[in-house]
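Below: one structure, written as structure tokens.
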Amino acid sequence: MKIDTKALGDASAAALGQRKKTDSGADFKAALEAAKQPTAAQELDSYMKKSPAERMMEMILKSLGETPQSLAAKSPQEQAAIMAKVNQIMKQKMEEATAQQSGSGSTSVNISV
């Protein structure tokens, strides 16, 4: 049995030529973008390296519709105003947590006979 290698070569070249025309690097670009995305393990590692205060600050920023990146892009005056709001909310949450701890720790039992 004889295999026509010229026909195979021509068919491969034609398929490759069509692919080059339609792709225009889109596959490579998509792969490059996917490689830039952090994996779940990387995100978890990054999260665990943050202090509880940093995590709380990011949570509050998110509730205000901000991210650390969007905050950095704002003017110094806007940053100061947002951080003042974040600090106010953090202080309020810490006071609430303290009140809950002291309230639950001093439970008294009234027994009447």
Review point. Distance in nm between label sites at Ala34 and Ala84, each 7 Å beyond Cα in the beta-carbon direction?
Key: 4.8 nm
Check your understanding: In nm, to one decimal, how far is the modelled label at Ala97 from the one at Lys62, with both set 7 Å along Cα→Cβ?
Key -> 1.6 nm
Check your understanding: With a ≥ b ≥ c the root eigenvalues of the C-alpha gyration tensor of the stretch 51-104, is it rounded (a/c under 1.5), prolate (a/b larger than b/c) or oblate?
Key -> prolate
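None of the figures in this text is laboratory data; all of them are computed from the coordinates on show. Just so it is clear, the structure is predicted and the values come from calculations on it, not from any experiment. Don't worry about glycine lacking a Cβ; one is built from the backbone with ideal geometry, like all the others, and counts go over all protein chains shown.
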